[in-house]
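Each value in this text was obtained by applying a stated rule to the coordinates, not by laboratory testing. In this text, all values refer to a predicted model and were calculated from it rather than measured experimentally. Positions of Cβ are generated from backbone atoms using ideal geometry, with glycine treated the same way; all protein chains shown enter the neighbour counts.
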């Protein structure tokens, strides 16, 4: 089910969770997806970031390498448009998403930021539960 994020301030959790990707062992969201969630253009989002670079340390945001971009395009269907972009995209961690909300002036920024935080927390809890399950299975197998 495709949701038109341009018309509504309510963003379903599954939409956000489907946009979270893991790069460099971090849960991040690519700049174009963040822009869509915040209701701004990617260009405007990146301009706001560049004006406020001191507020985005490496653990909040980083730029992908060419190899990472190519891998992302190959593995994420919704990012196929990046294949022909001459730019290397930025990706934002959960903290970066919160900081974006403070530098952007969009109607949806607060809602999107909070949803991303909640989705990231749910994803971390799910991953923790999966690790615990895997440990339990391994211990049962070794007995």
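Please compute the length gained on full extension between residue 70 and residue 21, using 0.36 nm multiplied by the number of residues separating them and subtracting their Cα-Cα distance.
The span from residue 70 to residue 21 would gain 16.2 nm if fully extended.
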Checklist outcome for this item: Plugging the Cβ-Cβ distance of residue 131 and residue 63 into 1/(1 + (r/R0)^6) at R0 = 30 Å yields, to the nearest 0.05, a FRET efficiency of 0.50
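Mind checking the full-extension length gain between residue 47 and residue 98? Use 0.36 nm per residue of separation minus the Cα-Cα distance, one decimal, nm. Mind dumping the intermediate values first?
Numbers: separation 51, 0.36 × 51 = 18.36 nm, distance 1.66 nm.
That pair, residue 47 and residue 98, stretches by 16.7 nm at full extension.
Which of the peptides 25-33, 61-69, 75-83 is most tightly packed, and how do the rest follow, going by the mean number of other Cβ atoms within 10 Å of each residue? Walk me through the numbers on the way to the answer.
Working: 25-33: 19.8, 61-69: 15.3, 75-83: 12.6.
By packing density, highest mean first, the sequence is 25-33, 61-69, 75-83.
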Checklist entry - Contour minus end-to-end for residue 85 and residue 55, with contour as 0.36 nm per residue of separation and end-to-end as the Cα-Cα distance? => result 8.2 nm
